[in-house]
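These notes concern the structure reproduced below.
The values are calculated or read from the model by the stated rules, or taken from the named source; none is laboratory data. All values derive from a computational prediction rather than experimental measurement. Because the Cβ atoms are built from the backbone with ideal geometry, glycine has one as well, and the counts that use them run over all protein chains shown. Surface areas here come from the heavy atoms of the whole protein model, side chains and all, with no ligands, DNA or RNA. Shrake-Rupley method; radii C 1.70, N 1.55, O 1.52, S 1.80 Å.
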Amino acid sequence: MAIQQIEKSNPKYMNDEQLMLLTVHSSALKGRGNISVYNAYSGSKDLPIVILMHGVWGNHWVWMHLGGVHEAYNKLREQGLGEFVLVMPEDGSYYAGSGYLPLKNFDFDKWIVEDMLEGVIQSVDGVSDNSKLFITGLSMGGYGALRLGAKYADKFAGISGHSSITDKAEIQDFNKEGPEYYELAADAAEGEADIVYWMQKNKDSMPPMRFDCGTEDQLYQGNLKFKARLEEAGLDFTYEEFPGGHEWPYWNKHIEDTFRFFDEINKG
């Protein structure tokens, strides 16, 4: 069984009436994974889900409590944005960051697309198997969102990345672990870690995809190279760049671009 147990916070003891905290026992992690869910107690049904992935050194709480993503969402809701449930999982707490990859001993890929998602659907009344799925992330989470969105293209309605790592090797620019820590599972695809591989493989089913990067970001040149690869491969995407660095004020501002992008797709 993929999920053995789910622990769910009691809203009676939560400071934010729309926040739910989950701990899911996941077979992919061979242990427990934590998830923050915002707009968890809506009275609506089959709401679209936005998965927000964190970066190296982060965890499930950073999007809200460092990035204020719930405030950005609420501000846009007042301006007419459609309703979403924001799902913020941890990456699996593997060293400085798992890359959301299927590694030799732990499948952080399946944690996100199977166990984590199933835990949320079982726990949150406003979502279901009929909910549209959107995925985004920052830095390593941007890499995870772009790669998982492309690998499981038929699951997602839209993909976005902010200040994204675009090559697996860049993960190690942010931590001290060597490449042996990121050895892929024996049954991984030949191009498993390559976003472009999955986009080409699933070209006919790819949902709309956007990504952006700050012009002062250390990953800016990598994003430009990634953009050039996509153009050379003839793949569809939207790329934007803005002033800013690898920092929370940039992500807090530009997550609004992602919400608007997803909202346009959802409203069709």
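What to note about this one:
- GNM flexibility winner over the chain from LEU138, LEU81, LEU148 (Cα, springs under 10 Å): LEU81
- Restraint check, LYS132/LYS176; LYS8/LYS45; LYS12/LYS75; LYS201/LYS267; LYS12/LYS176, Cα-Cα greater than 30 Å: LYS132/LYS176; LYS12/LYS176
- Per residue, the average separation of C-alpha pairs within less than 8 Å and at least 6 apart gives the range 36-159 a relative contact order of 37 percent.
- Annotation for the range 122-196: GluC sites (Glu not before Pro) lying in DSSP loop with at most 16 further Cβ atoms inside 10 Å of their Cβ are GLU177, GLU183, GLU190.
- Ranked by the mean number of other Cβ atoms within 10 Å per residue, highest first, peptides 150-163, 203-216 order as 150-163, 203-216.
- Whole-number D in µm²/s for the chain (Stokes-Einstein; Kirkwood sum over Cα pairs; 10 °C, 1.306 mPa s): 86 µm²/s
- Helical segments meeting 15 Å axial Cα length and Kyte-Doolittle 0.0 threshold in the chain (DSSP H): 140-151
- Amide H contacts of SER26 (H built 1.01 Å from N, under 5 Å, at least 5 apart or other chain): GLY31, ARG32, GLY33
- Å² per residue, accessible surface of the chain at 1.4 Å: 44 Å²
- Three-way shape call for the range 4-128 based on the alpha-carbon gyration tensor, with the a/c threshold at 1.5: prolate
- Considering only alpha-carbon pairs that sit under 8 angstrom and 6 or more positions apart, the relative contact order computed for the chain is 18 percent.
- Share of carbon and sulfur in the accessible heavy-atom surface of the chain [1.4 Å probe, %]: 44 percent
- Summary of the geometry: the range 21-56 and the range 210-262, compared by the centres of their Cα atoms, lie 25 Å apart.
- Under a 5 Å amide H cut-off, with hydrogens placed 1.01 Å from N, GLY158 pairs with ILE135 among residues at least 5 apart or on other chains.
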